[in-house]
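S.K.: Mind looking over this structure? Questions follow.
Rule-based calculations on the coordinates, nothing more; no lab input. None of these values were measured; they are calculated from a predicted model. Glycine gets a Cβ as well: all are built from the backbone with ideal geometry, and neighbour counts include every protein chain shown.
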Amino acid sequence: MRTLLRVRITALRPARPRTRLSRWGTAWRLGLVVVGLVALVHGTLRDSDDFFPFGSMAQYASAHDLNGTTRSTYILADTESGEEDVRVPLNATGTGIGRAEVEGQLGDFLDDPSLMQVIADAYRDIHPERDQYTHLYLMRDVYQLEDGYVVGEPETTLLAEWEVVR
Amino acid sequence: MTRRFDPEQDVASGSEPAVGSASEPLGADAHGVATRVAGGSADSGTWRRVGSHVRAWWMPELPFARVAIMRAAIYLFLLYDIFYLRNDVIPHGHTPELYEPLWIGRALPLPEPSVGLAQTLQVLIVVGSLVAATGRLPRLAGWTVALCYFEWLILSMSFGKVDHDHLALVIAVFVLPTIGRARLSDHGGSPAAGWAFRCIQVSVIFTYFGSALAKWVRNGAPFAWANGAVLSWAFIRRATDLARWSLDYPWLLRIGQWVMLIAEFLSPIVLFVKGKWLYFGAAFFLTFHLVTYLTLGIHFLPTVICWLAFFPTEKLLPGRFRHTSDQQPVEHAA
């Protein structure tokens, strides 16, 4: 009885989702699997994340020398109110540009320090109420490793600077 | 979170054999006999069987209720993602000079970044996700969200840095619309759902396995990476207070690197195990993400949410929704 009732309810359902795949439905799905896997292997072997989302999963993939150096790049600024060497927030909510993005385009910044103007302008657009930058300093700290241990204080270098234009 | 699941019943176990075995033996046998009679060397029956297993693995029949839950989780997570994780797209609109389009952005005529474009995408993603999360207009809302969210990510990652935590989520937003209608109250399941979930699962696992391959490719040998100083490098740059002490113990960091690399190479096993081994694998990688979050502030939440694709989440539904398994035979009878 209960079974009968259920059958009837099932039969009366107005719209039922499809429960089977056509030959074509199976074929394009398997085809896409092959294309996707090839794309992933391709991105990996090319060692490039240019092919997002099928790029190489190369985050943190470089082995760093236990006796090498570790670099960290950042930007300092002088401000309109006279403060000096303020750390510029290189992240989504601060300037819209992340530290890793600055490092990713570091060559461009070194070739043409006027690109830093873009960062000052973005900061002004996003936070018009804050103390604005008058001068930007692209800095790099270099830490020396010995057998994996950090030795001594970091060596700080000024890579480029830019007088902000209003 | 996963403890309440029944470990005996998992993603793959439900109806996978049925798909393969139901259609395969007859055709395979008939074909096998034919080739043997003809004295052919290549056994096409074997190929058919392999093909049928491949198909069964990629397209197990999964319940619609699970799809409905996954959609709600993924589409609501997208909102969190665009407002709190990849929230640099509108700010990026202020710095179009720094836009360096990825390959896809150079191959296709995608629009240049601007604040207006970013805000438009944001509205479309919010509205589309809220609709799609309820299971309504799964294709229209789903495809709209997929395209807009993809463009959102391109605008986010075309400024000199690409993150690798979004592979599975991107795949999820593109495969979920292909399932079509699937509500919590829908009986039964479909291989289309199975295919979409497999794609998400494989993408989750490739996030780990691919990173092991990338370390191999970049460093010239499969395990060279593990003996380096990558964790020291990462901790110097961005360690939380919880992790700074470990810089004084580089040998400990090297052990961590070995554990991570070996686990990444072994990660595909997760795709083929069931029950407690599946839960163990999931627990291991989810713990890994928790640790990298606590020590480096790297959360990988977009990958974490996609781990849901491995579990029979519909079993968590209150009783009145739990009809899928006992109703299926009735449908056959009808």
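S.K.: So what's the convex hull volume per residue for the Cα atoms of the range A:32-157, in Å³? It would help to have the intermediate numbers written out before the result.
M.R.: Values: hull volume 18.8 nm³, N = 126.
Normalising the Cα hull of the range A:32-157 by residue number yields 149 Å³.
S.K.: So which lysines can residue B:274 reach, going by Cα to Cα under 27 Å and dropping same-chain residues fewer than 8 places off?
M.R.: B:315
S.K.: Where Rh denotes the Kirkwood radius from the mean inverse Cα pair distance, what is Rg over Rh for the range B:190-239? Intermediate values should be presented prior to the final figure.
M.R.: On the way: Rg = 16.2 Å, Rh = 13.1 Å.
Checking Rg against Rh, the ratio lands at 1.23.
S.K.: Taking the Cβ-Cβ separation of residue B:251 and residue A:91 as r and a Förster radius of 30 Å, what is the calculated FRET efficiency to the nearest 0.05? It would help to have the intermediate numbers written out before the result.
M.R.: Working: r = 33 Å, r/R0 = 1.09.
Efficiency, from the Cβ-Cβ distance: 0.35.
S.K.: Between A:35, A:142, A:86, which gets the highest mean-square fluctuation from a Gaussian network model of chain A, Cα cutoff 10 Å?
M.R.: A:35
S.K.: Still on this structure, I have one more. Assuming a ≥ b ≥ c are the square roots of the Cα gyration tensor eigenvalues, decide whether the range B:59-333 counts as rounded (a/c under 1.5), prolate (otherwise, with a/b larger than b/c) or oblate. Don't jump to the answer; show the numbers that get you there.
M.R.: Numbers: a/c = 2.14, a/b = 1.24, b/c = 1.73.
In terms of gyration-tensor shape, oblate.
S.K.: Moving to a separate point now. Can you pull the mean other chain C-beta count within 10 Å for peptide B:88-96?
M.R.: On the way: counts 9, 2, 3, 12, 6, 3, 11, 10, 1.
If you average over the peptide's residues, the count of other-chain Cβ atoms is 6.
S.K.: Normalised by the number of residues in chain A, what is the relative contact order in percent for Cα pairs under 8 Å and 6+ residues apart?
M.R.: 20
S.K.: Residues of the range B:138-175 with the amide nitrogen closer than 18 Å to a label point 7 Å from the Cα of residue A:62, along Cα-to-Cβ, please.
M.R.: B:159-164
S.K.: Where a Cα-Cα gap under 22 Å defines reach, which lysines qualify for residue B:215, not counting those fewer than 8 residues away within the same chain?
M.R.: In chain and number order, the partners are B:161.
S.K.: Now for a different question. Quick one: check the C-alpha center-to-center distance for the range B:195-259 versus the range B:103-170, whole angstrom.
M.R.: Centre-to-centre distance over Cα atoms comes out at 28 Å.
S.K.: Same structure again: Grab the DSSP H runs of chain A that are 4 residues or longer, score each as -39,500 (n - 2.57), total them, divide by all residues and round the 222 nm result to the nearest 500 deg cm²/dmol. Don't skip to the end; give the middle numbers.
M.R.: Values: 5 runs with 57 residues, N = 166.
Only helices count here, giving -10500 deg cm²/dmol.
S.K.: Evaluate E = 1/(1 + (r/R0)^6) for residue B:286 and residue B:147, where r is the Cβ-Cβ distance and R0 equals 35 Å; express this FRET efficiency to the nearest 0.05.
M.R.: Details: r = 30 Å, r/R0 = 0.86.
The pair residue B:286/residue B:147 has a calculated efficiency of 0.70.
S.K.: Within 10 Å, count the other beta carbons around each residue, average over each peptide in A:43-54, B:63-74, A:153-164, and list them highest first. Could you put the intermediate results ahead of the total?
M.R.: Details: A:43-54: 19.8, B:63-74: 24.6, A:153-164: 14.4.
In decreasing order of mean packing, A:43-54, B:63-74, A:153-164 become B:63-74, A:43-54, A:153-164.
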